[in-house]
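Below is one structure, written out as structure tokens; comments come after it.
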Amino acid sequence: MREYSAMRIFNTMSRKTEILKVLEAGVVRIYCCGPTVYESPHIGNMRTYVWQDILRRTLELNGYKVIHVRNITDVGHLKSDADTGEDKLQESANRRHSTAWDIAKIYTEEFFDYSKMLNILDPSFSPKATDHIDEMLDLIKKLEDNGYTYAIHNDGVYYDTSRFHDYGKLTGMNFAQLNKYLIGGARVKLSREKRNITDFALWKFSPKNEKRDMEWNSDYGVGFPGWHIECSAMSMKYLGETIDIHCGGVDHIYIHHPNEIAQSEGATGKKFADYWMHGEFILVENKKMSKSKGNFYTVEDILKKGFGWREIRYLLFSAHYRSQLNFTIRGLESAKASINRMHDVMGRLKDINGTDDKTELKKLHALVNSHKNEFVRWMNNDIMVTEALRVVFDLISIINKQIEDGRIGRIGSRATIDAILFFDSVLGLNLAELMNEDSIPREVLELLEKRDIARAKKDFALADSIRDMILDRYGFIVEDSKNGQRLKKKRL
Ligand code: AMP
Ligand code: ZN
């Protein structure tokens, strides 16, 4: 493993930033609650998966092997947190005159397409809930054997949360406080048959005289799993009984994650996860971006506005994951300007072919290394991306000045490009590809030569028209610098 300072992450469970201590040397096991595939994901959902991707890349930069599971919820996520209402997939299927299976297929594929587009690394495993019904039923049986379950006639098998020690510990409240809080907030309604407001369905029975698209036989009756049991079962199958980090959005702190803990620990008697990380929401006009409020943007919506995937990714990761992020077009524009600065300096560095001055080169290596270390220090401090980006742009400003002063030679320029690509291994903007896109067609090189001649002859009208032609026909911006003409690919 590389020698960096230890990683620190904020643990919702302790409400403290803690040094990461892993269960197995050099390996981190992470479970991230995945999307419910009943609609197109909005960029709020994608923010969650982008910061988790940045977390994973940071762990990998530190030399860890990351085993990353992000599930697909394709059944059991009901419209209401109170275990009432229709399954979101079934409801979406009914509305679209389709089947829950087809809806799941369409939106799972779409989710993967968006993830790929935003350069989110594929998890080690992306299990679907519907492929793990047996594992869920096994877990429910264990909970039944351990005395945690009860059945509600014509409804389902429920978890009696009063029987689990420390239920809701993640919320920072004890059982009585949490019950009171949930009743007060009317977030969850107490049905008459539920013993406690915090109790939740492990298995829901299919309604009588109705055939659901997704239902399975079980010892309890024909039905389908509750949403929470899915994550416990899939986490255990792919990562074992105890994992290092469990991630999700802040909305999971009060219901979904306490339920996962109660299930996993109730079944195994072992600690479920050592660290709990929760990301904040994207807001639109100070309201949570959500599918149900209809105030959301999909990746597609933003692409249609003329922004590229890099701008979306940048905007999503540029605020700390525990801060709310207000979505604005100005934010996208400023993301674009930041990416252009990175792209621009890389282009300038690539053009440098001069000999390096020994003393300057030594100083440059020290400058680059100190910025790399500083970048890692911020990222290792609970993923402080905003500060890490400040380090990147500080280096870029210094380097731009040094290029203008002619202080950088070929070796120094390559070392600086490597440093920017090092930052990018965590940021995931694929700047290397952006740089390669700049490969210049032969026709453009010929036009540049002609323009050089025109400039030498002081025929500036011709030089300008060649510059316009290069931009209009080939999409390259010509800049005149001390070192001669320089090309930059125009980005949308
Ligand atoms: P869902 O598809 O509804 O199950 O949500 C998938 C993930 O997106 C969950 O981890 C949510 O916490 C997260 N999420 C939902 N809305 C937002 C939002 N506005 N901003 C950030 N994350 C969100
Ligand atoms: Zn989950």
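Phe281 satisfies every condition listed in (1) modelled with pLDDT of 95 or more; (2) more than 16 Å from ligand 2 (Cβ to nearest atom); (3) open to solvent by less than 20 Å² (accessible area, probe 1.4 Å) except (3). Within region 385-400, the set of residues being under 21 Å from the mean Cα position of the chain (by Cα) and either open to solvent by 50 Å² or more (accessible area, probe 1.4 Å) or polar (S, T, N, Q) (or both) comprises Thr386, Arg390.
Within region 468-492, the residues that satisfy the criterion of being basic (Lys, Arg) and open to solvent by 80 Å² or more (accessible area, probe 1.4 Å) are Arg473, Lys482, Lys490. I want to confirm something. Restricting to region 222-235 and keeping residues that are within 12 Å of ligand 2 (Cβ to nearest atom) and out of contact with any Asp or Glu (no Cβ under 8 Å at 6 or more places or on another chain), which single residue is modelled with the lowest pLDDT? Top of the filtered list is Trp227.
Applying the condition of being assigned to a loop (DSSP other than H, G, I, E, B) and at negative phi to region 469-492 and asking which residue is modelled with the highest pLDDT yields Lys490. Please go through region 16-49 and pick out each residue that is assigned to a helix (DSSP H, G or I), within 7 Å of ligand 1 (Cβ to nearest atom) and open to solvent by less than 30 Å² (accessible area, probe 1.4 Å). Scanning region 16-49 gives Gly44, Arg47, Thr48. In region 236-260, the qualifying residues are those that are in a helix (DSSP H, G or I) and crowded, with 24+ Cβ neighbours inside 10 Å, and the one that is farthest from ligand 2 (Cβ to nearest atom) is Pro258. Does region 133-153 contain at least one residue that is aromatic (Phe, Trp, Tyr), open to solvent by less than 40 Å² (accessible area, probe 1.4 Å) and out of contact with any Gly (no Cβ under 9 Å at 6 or more places or on another chain)? Looking for residues that are aromatic (Phe, Trp, Tyr), open to solvent by less than 40 Å² (accessible area, probe 1.4 Å) and out of contact with any Gly (no Cβ under 9 Å at 6 or more places or on another chain), one finds at least one in region 133-153, hence yes.
Restricting Leu182, Leu190 to those that are over 24 Å from Thr73 (Cα atoms), buried (at least 23 other Cβ atoms within 10 Å of the Cβ) and modelled with pLDDT under 95 reduces the list to Leu182. Of the residues making up region 73-88, those that are of a type in the set (Val, Ile, Thr) and open to solvent by 10 Å² or more (accessible area, probe 1.4 Å) number 1.
Per this entry, Arg47 is not counted among residues that are on the phi > 0 side of the Ramachandran plot and charged (D, E, K, R). Scanning region 55-68 for residues that are away from ligand 1 (no atom under 14 Å from the Cβ) and either closer than 26 Å to Leu303 by Cβ or touching a strand residue (DSSP E or B) at 6+ places or on another chain (Cβ under 8 Å) (or both) returns Arg56, Arg57, Leu59, Glu60, Tyr64, Lys65, Val66, Ile67, His68. For Gly269, the conditions (1) in the same structural domain as Phe164 (by TED's automatic domain parsing); (2) surrounded by fewer than 21 Cβ atoms within 10 Å (Cβ to Cβ); (3) touching a His at 6+ places or on another chain (Cβ under 6 Å) are fulfilled apart from (3).
Which residues, taken from region 50-68, are in contact with a Lys or Arg (Cβ under 7 Å, 6 or more places away or on another chain) and either in a helix (DSSP H, G or I) or away from ligand 2 (no atom under 16 Å from the Cβ) (or both)? Selection gives Val50, Asn62, Gly63, Val66, Ile67.
Determine if region 233-253 includes at least one residue that is out of contact with any helix residue (DSSP H, G or I) (no Cβ under 9 Å at 6 or more places or on another chain) and not assigned by TED's automatic domain parsing to the domain that holds Tyr167. No, there is no match, as no residue in region 233-253 is out of contact with any helix residue (DSSP H, G or I) (no Cβ under 9 Å at 6 or more places or on another chain) and not assigned by TED's automatic domain parsing to the domain that holds Tyr167. You will find that of Val27, Val75, Val50, the residue that is within 17 Å of the chain's Cα centre (by Cα) and of a type in the set (A, V, I, L, M) is Val50 and no other.
The values are calculated or read from the model by the stated rules, or taken from the named source; none is laboratory data. What you are looking at is a predicted structure, and each value in this text was computed from that prediction instead of being measured. All Cβ positions, even for glycine, are placed from backbone atoms using ideal geometry, and neighbour counts span all protein chains on display. SASA here: full protein model, heavy atoms, side chains in, ligands and nucleic acids out. Shrake-Rupley method; radii C 1.70, N 1.55, O 1.52, S 1.80 Å.
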